[in-house]
Amino acid sequence: MDDRQAEAEKELLARARHCPEAFGRLYNQNYPAILNYCIRRTGDAELAQDITAETFVKALKNIGSFEWRGSSFSAWLYRVAGNELASYFRKGTYKAVSLEYLRESQGFEPAASHELEAELIAAQEELARHQEFLACRRQISRLPIKYQEIIALRFFAGKSHKEIAGILGKPEGTVKSLLHRGLERLRKQLASAGKT
């Protein structure tokens, strides 16, 4: 993100603290990436949509506490989504929250529902076409959550080591180390699964 984009995002964030329309713009800008990340982590488009909705509900509730510390709003959203995913994987269940909360209590309209449905359908079709990906995702889901998160951010969300460090609040060297160890464990699991 260049300086001009960062300044524009800062201004939009400042407005979003008091203006539902501004938060709606942030939602529309970030929803597809967060949904895609959640779909690839869970392998379930409907569950991913629920987790994405909860991510934005929490972001809206806590936007006043967001502080610009060298990482973008989208990095913060990935962190919130990561926490929601970790909660789901720990508990094995997820209580769905409807986007109606955002509409009714906060007064903003996200992207048109037909656009969201089209994104969801496209994501489901992509998952169905890639059986190898699903097999790999199953193996990833067997890794400890710290490795799942790093691998998903790097390969599913396309984030750089530096961006992942900002999202997770870890040093870049730690991110590289966790990614290397996670990939090694994944390779061993995939080799083991291939032998059975």
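Brief remarks follow.
- Per-residue Cβ neighbour rank within 10 angstrom, fewest leading, Lys91, Lys58, Lys10: Lys91, Lys10, Lys58
- With 27 Å as the limit on Cα-Cα distance, the pairs of Lys10/Lys170; Lys10/Lys162; Lys58/Lys146; Lys146/Lys188; Lys10/Lys91; Lys10/Lys176 that go past it are Lys10/Lys91; Lys10/Lys176.
- Backbone HN-Hα couplings from phi across the range 43-48 [Karplus 6.51/-1.76/1.60, Hz, Gly and Pro as x]: x, 9, 4, 5, 4, 4
- Between Cys19 and Ala135, the contour length at 0.36 nm per residue exceeds the Cα-Cα span by 37.4 nm.
- Placing dummy labels 7 Å off each Cα toward the beta-carbon, the span from Asn28 to Asp44 is 3.1 nm.
- Percentage of interatomic Cα-Cα distances in the range 130-196 larger than 16 Å: 44
- Residue exposure proxy: Cys19, Cys38, Cys136, ordered by other Cβ atoms within 10 angstrom of their Cβ from fewest to most, comes out as Cys19, Cys136, Cys38.
- Isotropically averaged projected area of the range 1-89, using the convex hull of Cα atoms (one quarter of hull area), nm²: 5.6
- 5 angstrom amide H check on Phe66, placed H, neighbours 5+ away: none
- As a proxy for reagent exposure, ranking Ile145, Ile140 by other Cβ atoms within 10 Å from fewest up yields Ile145, Ile140.
Bear in mind these aren't lab numbers, they're just calculated from the coordinates by the rules spelled out. Source: prediction; values computed, not measured. All Cβ positions, glycine included, derive from the backbone under ideal geometry; neighbour counts span all protein chains shown.
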